[in-house]
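Heads up, the thing below is written out as C-alpha cells.
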Amino acid sequence: MSMRRTKRGLLAFLLVLSIVAATLSGGNTVKAEKAQTKRTIAIVYDNSGSMYYPSGNTIVYDQGNMTWCQATYAVEVFASMMNPGDTIMIYPMNDMQVGSTTYSMLSPMRITDPKQAKDMESVYIGYDGGTPITSIDAAYQGLTSSGGDEKWLIVLTDGAQFHDENLNSLSKSDTKKALEKRLSQYANDVNVLYLGIGSGIQKPDIKGRNVAEATVVSDGAEVPGILTKMSNQIFGRDELKVSG
C-alpha cells in the first residue's frame, strides 16, 4: 500500500471518528435534524498545486501534503450527512478528472447520493493550477440559480493569495479584501462558510444577512473538528437537552 493511500485512509478514519464522537457525546442529549429541509451546497474545492505538491511542482507523496486530503475528505464528510433531496455541487478551482469525466468551475460535479462522494478518492489533476477567485463567483451563481430550501456556499482553500478575473496575482492584503467583498455580498443571499487551511492565510471578515463565518487553521489536526462543526451547522444537528 502506498504512503499516499495510507495517509488518506488515516485521515478518513479520523474524520469519521470525530463525527461519531460528536454524535455520541453529551450524555442526556439527542440530535434534532431538519430532515424535511432540502439543501443545496456549493463547495469551492481548491485543487491548486500547493494543495498536493509539497515540494514545488514535484509530487512527493512520501512527504505528504495533508491539505489536499483534508479538502477531499471534507467533501465526503458533507456528503455522508446528506438527506434525501439534498444536492452538493463541487466547483474545482482547476479542471479535475473523476473517472472518465472532467469537471471545472463552469461544469461542477453534482452529488445527489452519499455514495457518489467515494468518487472523490479517484480525483486526478494533471497540472499545477492556480487559485482563481472567479471560482467563488461561479459557485455563487450556480447556487442562486438552483433549487433548495437552504443554500450554502463553502470555500475550502489553502490560498493565501488568489488570482483575480484578469489572472493577476493578488497580494495577501488584496486577497483578503477581495474575499471580504465577495463573500459578504453573497452572504446576503446564501449562507457562507469559509475554511482556510495552512499558515500565512489571513482570516476574512465576512458579514451578511445570513450565516457568514470564516475559520482559519494552521494545524491540520484541527480540521476534523471544524468539519464536524460545519456539518452539524449545515444539517441542523443541534443538541437538545432531554428533560427528566
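FYI, it's all coordinate maths here, none of it is from the lab. Treat the numbers as computed from the prediction; the structure is a model and nothing was measured. Because the Cβ atoms are built from the backbone with ideal geometry, glycine has one as well, and the counts that use them run over all protein chains shown.
Quick notes on this structure:
- Stokes-Einstein D (µm²/s) once Rh is taken as the Kirkwood radius of segment 162-226 over alpha-carbon pairs, at 4 °C in 1.567 mPa s: 103
- Restraint check, LYS151/LYS207; LYS176/LYS229; LYS38/LYS172; LYS151/LYS181; LYS38/LYS115; LYS203/LYS229, Cα-Cα greater than 26 Å: LYS38/LYS172
- Candidates per GluC sites (Glu not before Pro) in segment 143-193, loop by DSSP, up to 13 other Cβ within 10 Å: GLU165
- Pair-distance profile P(r), taking every C-alpha pair of segment 85-239, with 5 angstrom steps and integer %: 2, 8, 16, 21, 23, 18, 9, 2, 0, 0
- Taking Cα centre as origin and charging only the Cβ of basic (Lys, Arg, +1) and acidic (Asp, Glu, -1) residues, the dipole magnitude of segment 135-244 rounds to 220 debye.
- Charged side chains reduced to their Cβ positions (Lys and Arg at +1, Asp and Glu at -1) give segment 135-183 a dipole of some 180 debye around its Cα centre.
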